[in-house]
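The values are calculated or read from the model by the stated rules, or taken from the named source; none is laboratory data. Here the structure is a predicted model, which is why all the values come from computation and not from measurement. Backbone-built Cβ (ideal geometry, glycine too); neighbour counts: all protein chains shown.
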Amino acid sequence: MAIYKIKSLDDLQKFAKNLCSKLKAGQIIALTGELGAGKTTLVQMIAKELGIKARVASPTFNLVKEYDVKPEVRGIKKLCHIDLYRIDGKFDDLGLDEYFDDKDSVLFIEWAEKIKKHLPKDVIWIKIDIKKDGTRAIENKIILWLLALAEAGALPFLFLFLRQQ
Ligand SMILES: Nc1ncnc2c1ncn2[C@@H]1O[C@H](COP(=O)(O)OP(=O)(O)OP(=O)(O)O)[C@@H](O)[C@H]1O
Ligand SMILES: [Mg+2]
């Protein structure tokens, strides 16, 4: 687990840029954190990094909003954004499964803890905490360097190394 200290929107922007550079098509990012923590802001920043010009706002009437990534970035053709804040219905009624299986998109889910048990296991969890002084701490359960290692095909070697310890 890695914790990032975010002192300003600039810091969040840097975090977003770093995360975006490692995103792959088909990935799901589960965002948690209290009201106003910065979940939507992070999605907006990622959208900008992906070259999306449309204004990204939290889906209110529709549960899901989709944005085209043009030209596509590393196979990412769409960014999908789900906000579950107002949802207290049954998961089966939400019709979200099709988004989980979409291999051409990156999917961001605000308040994802509400459907935790229905999410695929390889979801990337990102938790934003607001500190007393207003700064944020971002907890990233899949450490970004792990993603980078996976990208470099180095994970099997790491696994072998750890087994020998
Ligand atoms: N790291 C930060 N530093 C300063 N201000 C921030 C930071 N992150 C977000 N904000 C500000 O906090 C406000 C709320 O952010 P945002 O709407 O992204 O929160 P949220 O987690 O999506 O909230 P909600 O749960 O209501 O959807 C915005 O005005 C945003 O600019
Ligand atoms: Mg929000």
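Among what's in the stretch 1-52 and is among the hydroxyl-bearing types (Ser, Thr, Tyr), under 15 Å from Ile126 (Cα atoms) and modelled with pLDDT of 95 or more, pick the residue that is farthest from ligand 2 (Cβ to nearest atom). Break it down stepwise before answering.
Just the residues of the stretch 1-52 that are among the hydroxyl-bearing types (Ser, Thr, Tyr), to begin with: 4, 8, 21, 32, 40-41.
Right, trim to under 15 Å from Ile126 (Cα atoms) and you get 4, 32, 40-41.
Add one more test, that the residue is modelled with pLDDT of 95 or more, and what stays is 32, 40-41.
On the way: Thr32: 11, Thr40: 3, Thr41: 8 Å.
Here the answer is Thr32.
May I ask you to list the residues in the stretch 108-130 that are β-branched (Val, Ile, Thr), within 16 Å of ligand 1 (Cβ to nearest atom) and in contact with a helix residue (DSSP H, G or I) (Cβ under 9 Å, 6 or more places away or on another chain)?
Passing the criteria: Ile109, Ile115, Ile126, Ile128.
On the given criteria, is Ile87 crowded, with 16+ Cβ neighbours inside 10 Å, at pLDDT below 95 and assigned to a helix (DSSP H, G or I)?
no
Inspect all residues belonging to the stretch 60-83 and state whether any of them is out of contact with any Asp or Glu (no Cβ under 8 Å at 6 or more places or on another chain), surrounded by fewer than 14 Cβ atoms within 10 Å (Cβ to Cβ) and aromatic (Phe, Trp, Tyr).
Yes: the stretch 60-83 contains one or more residues that are out of contact with any Asp or Glu (no Cβ under 8 Å at 6 or more places or on another chain), surrounded by fewer than 14 Cβ atoms within 10 Å (Cβ to Cβ) and aromatic (Phe, Trp, Tyr).
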